[in-house]
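Any read-out appearing in this document is the output of simple, stated calculations on the displayed coordinates, not a laboratory observation. These numbers were taken from a predicted model, which means no experiment stands behind them. Positions of Cβ are backbone-derived with ideal geometry, glycine not excepted, and every protein chain shown enters the neighbour counts.
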Amino acid sequence: MTRSLAALLATTTLALGACTTDQGTAPLASASTVAEPADEAAEPRAKNVILFIGDGMGISTITAARIYAGQKRGQSGEEYVLPFEAFDNVALVKTYNTNAQVPDSAGTATAMHSGRKTNIGFLGVGPEAQRSSCAGTLAHPLPLLGEEVNERGLALGIVSTARITHATPASVYARAADRDWEAYLERVIDPETPGCRDIATQLVESDFDVALGGGARAFFGSENGGGRRDENADLPAGWVARTGGTFVTTADELEAAPAGAPVFGLFSSSHMTYMAEKDDGSTEPTLTDMTAQAIKRLSADPDGYYLMVESGRIDHGHHAGRAGLALEETVEFANAIAYAIQNTDPDDTLIMVTADHSHVFTISGYPRRGNDILGLVVPPNEGGESAAGEPTLAQDEKPYTTLGYGNGPGSIAGQAERRVPETGITARQQSTVPLYSETHAGEDVALYAQGPGADKARGVIEQNVIYDIIRSAYGWE
């Protein structure tokens, strides 16, 4: 499935990215066919909603990925159009947490799935709670979109290339005053308070139709190769017994899983493998494979579905200061979106594409048109000393790359002499402030939307409004 689907998507994405559609002017209606006034017409409703979250996919990441994707196809890159960039409805989204100017994924994803902003590190819990507090978790619960989807009889799907218990996917189904409670409650302030459950337990006790991602170690004890404190723990076995669903661990098993029953897939011990580092023998499905399986299975529900798809490793590539890894993940994310566009009906399916936050990731230096986005800055050919395509030199007489970071592990601070930067897909870009891990950034991110209710994705909005757009599209207001 993986190879054939990849071939299909290469064609699909190229077609979507290489051209735009001209919109002609519709003829005026005759007197006998004049439409009802807008305030009397029924507002279109969505049967299905798909929310694509590119973790850490800020505007600079989208721009660089656009160029990178175009260059992979032999273009200069700047003119390329990612599939979701063709959507008519676009907004800017404010991402701050209630206690943080620059947010984390737990607080931002909670805003999208509860309709409330909250503190950094909180999942489905209001900002009134104390970090790592069981009592606070229980006393200040927020709505969970996953729960309402279940209550209203829709199918539910969760897909991520990160651990399925990681912040963004967990925001669909879990409440925790500490995002680190993935496999057990660590550093709990009030351990005697009953009722708190770790995030993995909350997932297997919830009702979903499709859950696919990484993070198997949170579901098993040491006797089964996991990291839970109960050495004999096997949460997927309990889930199978309760639901009659299928637990899978490879792409082939996922494809072969019976239709008409829930499917739960864990394809790696922790996060799934970066696309740029996969080998031909990988048993992991791609994000596009998982998205395709989710849409196929969820579409069988006559009442509709909600699907959240996260590209979690865009974020991790940036944290490592390795832009090429992040951009390759973004291209695969765009492939998954292209599949969804081609295999859903825009009349009944709202597709939204956004990010939870951005990164301190920059594109700079006046490189020429078509310059290798992962390479050194080479200036426009205007004659003179740079006419032969020699890189631009900084004041230290060394070249520099187009892509860089404001902070992170590639810092040049403290070096007696700045090294010539690395280039290529696995290179670590240079940065300024030395940190073990590059940080998130606080600027707005984009929201792109197509389908029923997409017209509400306009202007500058708070991140929690995405939740309102989803509920409005379903007609749940």
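Okay, here's what the table says:
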{"quantity": "For segment 356-477: relative contact order, % (alpha-carbon pairs under 8 angstrom, 6 or more apart)", "calculated": "24 percent"}
{"quantity": "Contact order normalised by residue count of segment 313-397, Cα under 8 Å, 6+ apart, percent", "calculated": "16 percent"}
{"quantity": "Given charges at beta-carbon only (K, R positive; D, E negative), |dipole| of segment 129-244 in Debye", "calculated": "240 debye"}
{"quantity": "Rounded to whole Hz, the Karplus (6.51, -1.76, 1.60) HN-Hα couplings of segment 408-418, x for glycine and proline", "calculated": "x, x, x, 4, 8, 4, x, 6, 4, 8, 4"}
{"quantity": "Computed helical MRE - 222 nm, the chain, DSSP H runs ≥ 4 contributing -39500 (n - 2.57), nearest 500", "calculated": "-8000 deg cm²/dmol"}
{"quantity": "Cβ-based charge dipole, segment 317-452, positive-most Cα from TYR400, ALA446, MET352", "calculated": "TYR400"}
{"quantity": "DSSP-assigned coil residues among trypsin sites (Lys or Arg not before Pro) in segment 399-477, each with at most 10 further Cβ atoms within 10 Å", "calculated": "ARG419"}
{"quantity": "With at most 15 other Cβ atoms within 10 Å, longest stretch of the chain clear of loop chymotrypsin sites (Phe, Trp or Tyr not before Pro) (DSSP)", "calculated": "1-435"}
{"quantity": "Normalised contact order of the chain, rounded percent, pairs of Cα under 8 Å and 6 or more residues apart", "calculated": "24 percent"}
{"quantity": "GluC sites (Glu not before Pro) restricted to segment 40-91 and DSSP loop, no more than 16 other C-beta within 10 Å", "calculated": "GLU40, GLU78, GLU79"}
{"quantity": "Partner lysines for LYS47 [C-alpha distance under 20 Å; skip if fewer than 8 residues away on the same chain]", "calculated": "LYS296, LYS456"}
{"quantity": "Dipole moment magnitude, nearest 20 debye, segment 225-352 about Cα centre, only Lys, Arg, Asp, Glu C-beta charged", "calculated": "320 debye"}
{"quantity": "VAL420/VAL81 FRET efficiency (R0 41 Å; Cβ-Cβ; nearest 0.05)", "calculated": "0.75"}
{"quantity": "Cα-centred dipole magnitude for the chain, charges only on beta-carbon of K, R (+1) and D, E (-1), debye, nearest 20", "calculated": "520 debye"}
{"quantity": "Farthest toward positive dipole pole in segment 58-156 [+1 Lys/Arg, -1 Asp/Glu at C-beta], among GLY153, GLN71, ALA91", "calculated": "GLN71"}
{"quantity": "Nearby lysines by direct alpha-carbon distance to LYS72 (threshold 20 angstrom, same-chain neighbours under 8 apart not counted)", "calculated": "LYS278"}
